[in-house]
Protein chains: 2
Amino acid sequence: MRKEQFHLPEGVIYLDGNSLGPMPARAVTRMNQTLQEEWGEMLIRGWNEAEWMSQPVSLADRVGALIGCPLGSVVLGDTLSVKVFQALSAALAMRPDRKVILSDTGNFPSDLYIAQGLIGSLEQDHRIKLVDPSDVEQNLSKDVAVLMLTQVDYRTGRMHDLQKITHTAHQHGIVVIWDLAHSAGAVPVDMSRSRAEFAIGCTYKYLNAGPGSPAFIYVRPDIVDQIIPALSGWLGHKAPFDFDLDYQPAPGIQRMRVGTPPILQFAALDASLSIWDGVSMKEVRERSIELSELFICEVEKRCPEFELLSPRDPQQRGSQVSFVFEHGYSVIRALIGQGVIGDFRAPNVMRFGIAPLYLDENDIHAAVEIMQDIMQREIWKRPEFQIRAAVT
Amino acid sequence: MRKEQFHLPEGVIYLDGNSLGPMPARAVTRMNQTLQEEWGEMLIRGWNEAEWMSQPVSLADRVGALIGCPLGSVVLGDTLSVKVFQALSAALAMRPDRKVILSDTGNFPSDLYIAQGLIGSLEQDHRIKLVDPSDVEQNLSKDVAVLMLTQVDYRTGRMHDLQKITHTAHQHGIVVIWDLAHSAGAVPVDMSRSRAEFAIGCTYKYLNAGPGSPAFIYVRPDIVDQIIPALSGWLGHKAPFDFDLDYQPAPGIQRMRVGTPPILQFAALDASLSIWDGVSMKEVRERSIELSELFICEVEKRCPEFELLSPRDPQQRGSQVSFVFEHGYSVIRALIGQGVIGDFRAPNVMRFGIAPLYLDENDIHAAVEIMQDIMQREIWKRPEFQIRAAVT
């Protein structure tokens, strides 16, 4: 769909955009502009003249457009883990009489870690109830304060029905937080329609904004002004440059800002978002399903040793396909050695991200041919593919 | 001292490095390397092959060297406000029986805002006691849990005696947090010798790492393993890539990491730190005092309307000189119009950062001549310099 707008290395088929998206071709010139024309020439004046100070909101609106958020309801900054902390602490404060945080075992561990750290410091008898992803709905009840889920499972690609679960949770008076790390730019999301209170996510996966690009947080506009931020930094103050000694939250989503925004990361994000201009998420989703179905079909035909871990029904899958194989680690290493980049999650999960912006049928066929060759010629058994190293 | 290693715009004398340092000349090539050779070509492999994952510690050691921290005791990431939150929540947990956070009215407001937000969410009857900077020592007592101060006042440049205050605080069993935002790269600091428990700071001021570059946190090595982080993100986990569902803090300073590090900001930080290689902070301090004394002397001679706000004794001053003048806002605007960039803080403070890495006597003389001209010819009274706009 937009392949020519990415820098893709020679000889590489990139199936790991669910972890870190590839570099937009224009990122280099956009970054040089920020460095040389803005930081270099404007110096401190860049905060106003290059509009650095408003980028956490102006760029966020372009992210928000991809996940169905109204203008002015999303802000960028920090890491996803910090945004989880902000959302969860605000959500718990909305239900002071309830003590249960419901989540599932398919949530990204960092979200659960943040919840553990938060309730440990609050010392208010909160507890985390962790259930199987398929048991979430039957565990929605009036003792649950907050439901916190990642929509698309980072290992399996299994996708929750965001609308339906949110609706049921709200019938029990539960505040809902969705982690959209594997959704934004991957599947259509309509936060407004869902009525969920909070969403958070990152921009370095399907949004392709580069390593360590900032996270985002959405708060439903009708509740944002009631939030007293736990991370009450100066850029969430209603008048940060008055330098008052007392914190007064800014109106609206600005109060979820904390500290100085990462302007150099924003340059790459700006470049990556311009690729999305005019792209329809509906079309992305259709292409993602076409390519994923082709990938599953070809892999099952050519590599019968692999077992599909992702849901077979494309409607229950994000934009990622996972297979299990006992020696999956070595297979992924061998694939990378041949230019097909996927990744691995212990104990036996091989993950492949299907990002239609820069992948097409030729890539899928070529990748699976290499995979078949690795299996048939047992290339994965070579000693160099047995050594375990951290795979990120 | 290193002027040739910076990009300084033609016709500009930059006296605002206390707010945002100028761009190191090599930042552009270093950033292009990260973009094109690392992100562009390595893609996800950059986390290992380009050592992105270890940069929060490896780059932090180079920052730590400038503030007297042992290797492995500093980590980079997030914003300064988030690092304040981490330090303060950990410090309060070390003194559960004490409820007072002592700070002063010269602290940067965001540090106080974070404290307010934190104690609001903890609901444990903590309170913030705010005193005049000159009254800090007499308010150190056994009911104080934590002393949290910014060493160098962002408005006045007044500098606390870090060693002496820490020593006295410790005699009362108080945990000490120093905000070194205006100290790192500006004045010699010896965290090890001070025995203070925590230090935090930013890298975009005197360290010149660019807009939104990451913050740092130091924790005294003998206490770090007792800290249970409030912001318990996955990269502070002892084995983040095991994806356990339970948080187990990493040994040492790594537990103060939270989420995915900002690799593009790190590229600029790497470039800026390479300027510091072989620079002695003692020498920087001597030059800073020479240039500041010259600046004060010349301003007082040529612009008698201005009143020195900073301490006259250089030993009580950081690397910044502030003057007050009723129409300071217009003077700063007029100065910027003539290429002399300082900044303004309400109601009447004109701030000038004296950074010896890229300033010399010629700059000081030239800047004050322009200042004198603006005053004598009343250029600051022109209508275009009266309009108030946000000055960051």
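The values are calculated or read from the model by the stated rules, or taken from the named source; none is laboratory data. Just so we're clear, the structure is a prediction, and the values are computed from it rather than from any experiment. Cβ atoms come from the backbone with ideal geometry, glycine included; neighbour counts cover every protein chain shown.
Here A:Met42 clears all of (1) of a type outside the set (Gly, Ala, Ser); (2) in a helix (DSSP H, G or I); (3) more than 9 Å from chain B (Cβ to nearest Cβ) except the condition numbered (3).
Residues checked against (1) part of a helix (DSSP H, G or I); (2) assigned by TED's automatic domain parsing to the domain that holds B:Pro211:
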position: B:Ala267; (1), (2): yes, yes
position: B:Ile289; (1), (2): yes, no
position: B:Leu294; (1), (2): yes, no
position: B:Lys301; (1), (2): yes, no
position: B:Pro304; (1), (2): no, no
position: B:Phe323; (1), (2): no, no
position: B:Glu326; (1), (2): no, no
position: B:Ala334; (1), (2): yes, no
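Among residues of segment A:216-231 being under 24 Å from the mean Cα position of the chain (by Cα) and part of a loop (DSSP other than H, G, I, E, B), the one that is surrounded by the most Cβ atoms within 10 Å (Cβ to Cβ) is A:Leu231. For A:Ala250, which of the numbered conditions (1) within 12 Å of chain B (Cβ to nearest Cβ); (2) more than 30 Å from B:Asp104 (Cβ to Cβ) fails to hold? Single failed check for A:Ala250: (2).
Answer yes or no as to whether B:Gly339 is surrounded by fewer than 17 Cβ atoms within 10 Å (Cβ to Cβ), within 14 Å of another protein chain (Cβ to nearest Cβ) and in contact with a strand residue (DSSP E or B) (Cβ under 8 Å, 6 or more places away or on another chain). It is true that B:Gly339 is surrounded by fewer than 17 Cβ atoms within 10 Å (Cβ to Cβ), within 14 Å of another protein chain (Cβ to nearest Cβ) and in contact with a strand residue (DSSP E or B) (Cβ under 8 Å, 6 or more places away or on another chain). Among the residues of segment A:91-118, those that are more than 10 Å from chain B (Cβ to nearest Cβ) and either in a helix (DSSP H, G or I) or in contact with a Cys (Cβ under 9 Å, 6 or more places away or on another chain) (or both) comprise A:Ala91, A:Met94. The lone criterion from (1) within 30 Å of A:Pro314 (Cβ to Cβ); (2) assigned to a loop (DSSP other than H, G, I, E, B) left unmet by A:Tyr247 is number (1).
Selection over segment B:304-354 of residues that are polar (S, T, N, Q), touching a helix residue (DSSP H, G or I) at 6+ places or on another chain (Cβ under 9 Å) and closer than 23 Å to B:Lys164 by Cβ gives a count of 4. Among residues of segment A:183-208 that are closer than 26 Å to A:Leu15 by Cβ and not assigned by TED's automatic domain parsing to the domain that holds A:Leu357, those with a Cβ under 7 angstrom from a residue that is of a type in the set (Lys, Arg) and modelled with pLDDT of 95 or more, sequence gap 6+ or separate chain, pair up as A:Val187/A:Arg285; A:Pro188/A:Lys282; A:Pro188/A:Arg285; A:Ile200/A:Lys83.
Scanning segment A:307-321 for residues that are touching a strand residue (DSSP E or B) at 6+ places or on another chain (Cβ under 7 Å) and in a loop (DSSP other than H, G, I, E, B) yields A:Leu309, A:Ser310, A:Pro311, A:Gly318, A:Ser319.
Restricting attention to segment A:25-49 and to residues that are crowded, with 18+ Cβ neighbours inside 10 Å and of a type in the set (Val, Ile, Thr), the residue that is nearest to B:Pro9 (Cα to Cα) turns out to be A:Ile44.
For segment A:46-63, the count of residues that are closer than 19 Å to A:Glu197 by Cα and out of contact with any helix residue (DSSP H, G or I) (no Cβ under 9 Å at 6 or more places or on another chain) is nonzero.
When we screen B:Ser274, B:Ser288 for residues that are closer than 30 Å to A:Tyr204 by Cα and under 19 Å from the mean Cα position of the chain (by Cα), the only hit is B:Ser274. Using the structure shown, decide if B:Phe325 is aromatic (Phe, Trp, Tyr) and in contact with a Gly (Cβ under 7 Å, 6 or more places away or on another chain). Criteria not met by B:Phe325. Sub-6 Å Cβ pairs linking a first residue in segment A:215-233 that is within 20 Å of A:Leu180 (Cβ to Cβ) and within 11 Å of chain B (Cβ to nearest Cβ) to a second residue that is surrounded by 15 or more Cβ atoms within 10 Å (Cβ to Cβ) and among the acidic types (Asp, Glu), at least 6 apart or interchain, are A:Ala215/A:Asp78, ordered by first then second residue. Residues that are part of a helix (DSSP H, G or I) and among the basic types (Lys, Arg) within segment B:252-265 comprise just one, B:Arg255. Restricting A:Ala184, A:Ala199 to those that are more than 14 Å from every other protein chain (Cβ to nearest Cβ), surrounded by 15 or more Cβ atoms within 10 Å (Cβ to Cβ) and in a strand (DSSP E or B) reduces the list to A:Ala199. Of all residues in segment B:62-81, how many are surrounded by 18 or more Cβ atoms within 10 Å (Cβ to Cβ), more than 7 Å from chain A (Cβ to nearest Cβ) and assigned to a helix (DSSP H, G or I)? Count: 4.
For segment A:141-157, which positions are assigned to a strand (DSSP E or B) and within 14 Å of the chain's Cα centre (by Cα)?
Within segment A:141-157, A:Leu149, A:Thr150, A:Val152 qualify.
There is at least one residue in segment B:29-37 that is within 30 Å of B:Pro251 (Cβ to Cβ) and assigned by TED's automatic domain parsing to the domain that holds B:Val176. Among the criteria (1) surrounded by fewer than 22 Cβ atoms within 10 Å (Cβ to Cβ); (2) more than 8 Å from chain B (Cβ to nearest Cβ); (3) within 30 Å of B:Ala346 (Cα to Cα), the one A:Ile289 does not fulfil is (3).
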